[in-house]
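The next block holds one structure in the form of structure tokens; read it before the comments.
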Amino acid sequence: MKSRSLVSINDYTKEEILKILNIAAEFEAKPEPELLNGKVISTLFYEPSTRTRLSFESAVSRLGGRIVGFTDSSSSSVSKGESLKDTIMTVSNYSDLIILRHPLEGSALYASEVSRVPVVNAGDGANQHPTQTLLDLYSILKTQGTLENLNIFLVGDLKYGRTVHSLLMAMSHFNTTFNFISPKELQMPDEYKLYLNELGLKYYEHSDFTEIISRADIIYMTRVQRERFSDPMEYEKVKNIYVLRYAMLENTKANLKILHPLPRVNEIHQDVDKSEKAYYFTQALNGVYTRQAIIASILGLK
Amino acid sequence: MRDVKQLSVSGIKNGTVIDHIPAKNLFKVISILGLEKFDNRITFGTNLESKKLGRKAIIKVAGKTFVDDDVNRIALVAPEAKLNIINNYKVVEKYNVEVPKEIIGIARCVNPKCITNHEQIITRFTVIPGNEIALKCRYCEKITDQEHLNIR
Ligand SMILES: [Zn+2]
């Protein structure tokens, strides 16, 4: 993984994923505030994503690295019309690694092709966001003790949600059973179902999950957005079905944890927060360890 | 023998005849092959009757044979095209174009949010096997289908 860009979760094999998660656990157990001494990391955020940026910057800072970059493309040379290529070529001179967030799809792969230093994709439009997937996996591993043979519920917008697609691809290494719970209009695309068929993995589709929730090891919630529906009436009909409430957790497994990429709107009722099964805020903390692991591994320090 | 006679009418001694091009895509084929930059004698006919295509076009390029990779790129707009290699007024070889596995620098990605539509990037697509042309963008991973195919 040394010196290799991370553009898509599919860039990593099962073994490489496990290696990153191992390093993340090491950082969680034993902080290494000097590891990135003398290293400069660029964070280029062409669109505001405060949560992701702070997580990366915290990861670098806690390892003792320095950060250069911009958080808003309107205040930089980008607003003067500089191409992504020119910005990346220039910034490659100033840093050991580039973290890129960009609204256009494919921007991270392109950046990795023109950059002299490795690029970590912190989200390229609706395309890929591999560090989110790795932190999801770390959260699952940490709470379940294993990634193997779990029953994972993906809930909400399964059609457009890139986080659930990447999570599915990554979890397909671990003999996962999937339950897809979504409105008809937002079902998991066929290409992913075909992929699971090819691997011989089990998946089930539902439009409601109150009946089956007791089987879940992990519930991964996503937001169902009104603008995804061609018929607004359809949205009104289904909007409350995909909201998780405390009362629904009554007969669930002891090991169940609820994940969410955040920010949530109303798909997890605030009364769920008091349950020890609510894990989404710790999940965000795990992002720091996971991103430390990714950076240290790419820089060849782990 | 009839074939040879018809072709010899145009007077190509050596070269290539590309037949069964859909008439509406003639100029796309010319542009993909870069024929506008050729010095060789080129004749073409279009809106010719064709049982298969309705109206077809034909291109005759004197003194030139194409490399497979070059000519297969026209499969995107002329999947039925046939090439006749002419030597001394005779057809010495015939073959059909084949859709290549990868398309580099010809097609445009259908996704308006794709980086290739915003920066000067040579597009790259893998061709998804099937009857219809479907191209998967190397960059944004979205599929461009036949209906939305746009040649640069
Ligand atoms: Zn594209």
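The values are calculated or read from the model by the stated rules, or taken from the named source; none is laboratory data. What you are looking at is a predicted structure, and each value in this text was computed from that prediction instead of being measured. Reconstructed Cβ throughout: ideal geometry from the backbone, glycine too, with neighbour counts over all protein chains shown. Surface areas here come from the heavy atoms of the whole protein model, side chains and all, with no ligands, DNA or RNA. Shrake-Rupley method; radii C 1.70, N 1.55, O 1.52, S 1.80 Å.
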With Cβ to Cβ distances under 13 Å as the rule, what net charge do the other residues near B:ASN40 carry (K, R +1; D, E -1)?
+3
Total charge of the residues flanking A:ILE67 in space, meaning their Cβ is under 12 Å from its Cβ, with Lys and Arg +1 and Asp and Glu -1, is +2
What is the spin-label model distance, in nm, from B:ASN131 to A:ASN149 if the labels are put 7 Å beyond Cα along the C-beta direction?
4.5 nm
For a test of understanding, tell me how many lysine pairs in region A:1-155 have Cα atoms under 29 Å apart, given they are 8 or more places apart or on different chains.
16
Step by step: find N for region A:212-295, compute 2.2 N^0.38 Å, then divide the Cα radius of gyration by it. What's the final number?
1.25
Quote to one decimal, in nm, the extra length available between A:ILE212 and A:GLU16 on full extension: 0.36 nm per residue of separation minus the C-alpha distance between them.
67.2 nm
Could you tell me the largest-minus-smallest coordinate of the C-alpha atoms of region A:130-284 on each of the three principal axes, in descending order and whole angstroms?
42, 39, 30
Long-range amide H partners of B:VAL97, meaning residues 5 or more apart or on another chain whose placed amide H is closer than 5 Å, are B:ALA81, B:LEU83
What FRET efficiency, computed as 1/(1 + (r/R0)^6) with R0 = 22 Å and r the Cβ-Cβ distance, is obtained for B:LYS82 and B:GLU36, rounded to the nearest 0.05?
0.50
Under 5 Å from the placed amide H of A:VAL120, counting only residues 5+ away or on other chains, we find A:LEU6, A:ILE98, A:ILE99, A:LEU100
Taking beta carbons within 10 Å but only from partner chains, what does the mean come to for residues B:141-147?
2
Tell me which aspartates and glutamates have Cα within less than 17 Å of A:LYS302's Cα, excluding those fewer than 8 residues away on the same chain?
A:GLU15, A:GLU16, A:GLU26, A:GLU28, A:GLU32, A:GLU34, A:ASP96
Assuming R0 = 25 Å, can you tell me the calculated FRET efficiency for the pair B:THR43 and B:LYS90, based on Cβ-Cβ distance, to the nearest 0.05?
0.90
Per the C-alpha gyration tensor (a ≥ b ≥ c, the square roots of its eigenvalues), chain A is rounded if a/c is under 1.5, else prolate if a/b beats b/c, else oblate; here it's prolate
List the pairs from A:LYS193/B:LYS142; A:LYS159/A:LYS239; A:LYS184/A:LYS277; B:LYS94/B:LYS136; A:LYS159/A:LYS237 whose alpha-carbon separation is above 21 Å, in the order I gave them.
A:LYS184/A:LYS277; B:LYS94/B:LYS136
Taking only protein heavy atoms and a 1.4 Å probe, the highest-to-lowest accessible-area order of A:GLU148, A:GLU32, A:GLU198, A:GLU267 is A:GLU198, A:GLU148, A:GLU32, A:GLU267
Using Cα-Cα distances under 8 Å and only pairs 6 or more residues apart, what relative contact order does chain A have, in percent?
21 percent
Provide the solvent-accessible area of A:GLU26, counting protein heavy atoms only and rolling a 1.4 Å probe, rounded to the nearest 10 Å².
90 Å²
Can you check what the net charge comes to around A:VAL114, using other residues whose Cβ is under 11 Å from the Cβ of A:VAL114 (Lys, Arg +1; Asp, Glu -1)?
-1
I need the peptides B:99-108, A:243-252 ranked by packing, meaning the mean over residues of other C-beta atoms within 10 angstrom, with the highest value on top.
B:99-108, A:243-252
For B:LYS24 and B:ASN150, calculate 0.36 nm times their separation in residues minus their Cα-Cα distance, and state this gained length in nm to one decimal.
44.0 nm
Which lysines have a Cα lying under 19 Å from the Cα of B:LYS24, excluding residues fewer than 8 positions away in the same chain?
B:LYS51, B:LYS52, B:LYS56, B:LYS60, B:LYS82
Under the classification rounded if a/c is under 1.5, otherwise prolate if a/b is larger than b/c and oblate if not, where does region B:14-96 fall, given a ≥ b ≥ c as square roots of the Cα gyration tensor eigenvalues?
rounded
Residues of region A:116-138 with accessible area at least 30 Å² lower in the all-protein-chain context than alone (1.4 Å probe)?
A:ASN127
Using the Cα gyration tensor of region B:102-151, with a ≥ b ≥ c the square roots of its eigenvalues, what is the shape: rounded (a/c below 1.5), prolate (a/b larger than b/c) or oblate (neither)?
prolate
Unit charges on C-beta of K, R, D, E only; dipole of chain A, Debye
580 debye
Cα convex hull of chain B, projected area averaged across orientations, nm²:
9.4 nm²
What's the extension gain from A:GLU250 to A:ASP273 if we count 0.36 nm per residue and subtract their Cα-Cα distance?
6.9 nm
Under a crude label model (7 Å from the Cα following the beta-carbon direction), how far is A:ARG264 from B:LYS52 in nanometres?
6.0 nm
Can you figure out the FRET efficiency of A:GLU34 with B:LYS13, using R₀ = 60 Å and their beta-carbon distance, to the nearest 0.05?
0.20
